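Here the structure comes first, spelled out in structure tokens, and everything after it is commentary.
The values are calculated or read from the model by the stated rules, or taken from the named source; none is laboratory data. Please read all numbers here as calculations on a predicted model, not as lab measurements. All Cβ positions, glycine included, derive from the backbone under ideal geometry; neighbour counts span all protein chains shown. Ligands, DNA and RNA are excluded from the accessible area calculation, which covers all protein heavy atoms including side chains. Shrake-Rupley method; radii C 1.70, N 1.55, O 1.52, S 1.80 Å.
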Amino acid sequence: MRTQVCIIGAGPAGLLLGHLLRAEGVECVVIERQTPDYVLGRIRAGVLENITVSLMERLGLDARMKAEGLPHDGFNLADGERLIRIDIAELVGQEVMVYGQTELTRDLMEACEERGLEVIYQAADVALHDVDGDAPFVTYIHEGAQQRIDARFIVGCDGFHGPSRKAIPSSVSQEFERVYPFGWLGILADVPPCNHELIYANHERGFALASMRSPTRSRYYVDVPVDEDIREWSDDRLWDELAIRLGPAAAANITRGPAIEKSIAPLRSYVFAPMRHGSLMLCGDAAHIVPPTGAKGLNLAASDVHYASEALTRYFKTNDPAGVSRYSETALARVWQSERFSWSLTKLMHRFPDDGPFERAMQVAELDYIANSRAMQTAIAENYVGLPV
Ligand code: RFL
Ligand code: PHB
């Protein structure tokens with residue numbers, strides 16, 4: 001098979017990119033290792049920035065998000081008994097959209113047939129070839145047969161563990177990494193949220209987050225040691241811990257219920273550079289990871305896709321390679337801003353095992369400053385809604 005752009009990975013980045021390219025008449029094919037149900041079974045991000053919402057609007061795939069998503073105009077930082085509200089609407093005149101990654105991915109998946117976006121699921125042994133030159137190709141096994149797709153560009157949207165990033169030689173690339181000593185233990189349950197807005201809590205026993213997917217579905221997290229055994233966490237133990245860490249006001253409103261999903265995600269900051277090498281571009285988790293504290297992972301995938309789709313459309317429509325040439329530099333500038341915000345909020349809201357009284361005093365001083373300074377709150381709000389693309 002021959003196409004203009006071969007996209008590897010049908011997560012949110014790959015599907016968004018595929019739809020944006022199809023909307024501009026660029027030929028593309030998406031190849032995915034898993035089944036659609038497997039992809040939808042991964043419970044991940046919950047907060048969408050403007051860039052992600054606006055790409056869905058541009059595609060005309062925003063109807064369900066507009067009907068079922070929850071626009072939020074503020075969120076809260078809790079420190080012990082104190083609650084600091086960040087009024088994002090008042091501070092920066094914008095809002096964020098609470099709508100799960102699963103739902104966004106489902107909307108993108110369901111539009112594939114009608115929009116003529118071909119996605120090949122259950123492709124095994126995907127391998128990239130000749131990415132240095134201008135005639136790269138991808139091989140894989142599908143239904144027992146070896147297949148080959150020739151393309152002008154390959155875009156790796158295959159997440160942190162996919163093969164795309166590894167196709168860029170270490171002699172021309174650099175990795176930046178920080179691994180945190182904890183993971184987030186998440187629970188999804190069909191119970192009403194304890195608060196109408198998100199609460200990020202820094203408690204002496206550790207971090208907690210109260211989030212939601214809808215008025216009847218809640219998502220909560222606590223941080224746990226990175227090597228924690230999830231079997232140690234019965235639903236009851238997790239609800240008890242959330243009630244302590246989120247503080248008495250939220251605890252009074254927690255409705256308990258059985259977990260629909262419960263898992264531990266490790267926390268990591270990671271950037272791979274460059275994000276383009278020859279005819280291969282990387283988007284989303286394939287190129288970078290942020291700790292989830294800033295709710296940036298999915299949104300950063302969306303901004304990469306925005307830049308990549310503009311660059312590739314320009315290339316195929318006007319024969320102009322400038323956008324492709326500059327893709328890595330452009331995308332990385334925004335990646336580093338999101339990395340900084342996610343890292344600083346992680347440091348502010350978690351108790352690190354090596355921290356002593358000095359580090360805790362710095363957290364308290366910073367939270368005091370945020371509580372009393374509109375300038376600090378504005379800086380947090382403008383990062384939370386997403387810096388301009
Ligand atoms: P994805 O979603 O990982 O999709 C990559 C797709 O590529 C496929 N793939 C392959 N396909 C073909 N051949 C191969 N060899 C392949 N290897 C992999 C995979 O099956 C998959 O379908 O990456 P993408 O599209 O870049 O999207 C990024 C977001 O998913 C990610 O940034 C966020 O979900 C990060 N993240 C969170 N972000 C938030 O903003 N808030 C959260 O609460 C949040 N929770 C999370 C998360 C990431 C997690 N991971 C990665 C473990 C929780 C978890 C558990
Ligand atoms: C979520 O709802 O899963 C969520 C919300 C905000 C975050 C991380 C995760 O910062």
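Compute for the stretch 150-203: radius of gyration divided by Kirkwood radius, i.e. Rg/Rh, restricted to C-alpha atoms, rounded to two decimals.
1.18
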The stretch 1-101: trypsin sites (Lys or Arg not before Pro) falling in loop per DSSP and having at most 13 other Cβ within 10 Å: none
For Arg22, net neighbour charge (Lys/Arg +1, Asp/Glu -1) across residues whose Cβ lies under 10 Å away: -2
Global form of the stretch 329-389, assessed from the alpha-carbon gyration tensor, a/c cut-off 1.5: oblate
Size of charge dipole - the chain - debye, nearest 20, with Cβ of Lys, Arg +1 and Asp, Glu -1, no other charges: 300
Estimated dipole of the stretch 97-175 in Debye, rounded to 20 [Cβ of Lys and Arg +1, of Asp and Glu -1, Cα centre]: 220
Computed magnitude of the charge dipole of the stretch 22-150 (debye, nearest 20; Cβ of K, R +1, Cβ of D, E -1): 300
For the chain, radius of gyration divided by Kirkwood radius, i.e. Rg to Rh on alpha-carbons: 0.98
Å² of accessible area per residue within the stretch 286-380, as computed with a 1.4 Å probe and no ligands counted: 42
Apportionment of accessible area to carbon and sulfur, the chain, percent (1.4 Å): 49
Spatial separation of Cα centroids for the stretch 265-295 and the stretch 165-234, in angstrom: 17
Surface per residue (accessible, 1.4 Å probe) for the stretch 1-144, Å²: 42
DSSP beta bridges in the chain [antiparallel fraction, %, rounded to 5]: 75
With Cα atoms, 0 to 90° folded angle of helix 357-372 axis to the chain main axis: 90
Amide proton proximity set for Ala78, modelled H, under 5 Å, gap of 5+: Ile84, Tyr200, Ala201, Asn202
Per-residue HN-Hα couplings for the stretch 21-26 [Karplus 6.51, -1.76, 1.60; θ = phi - 60°; Hz; x = Gly/Pro]: 5, 4, 4, 9, x, 7
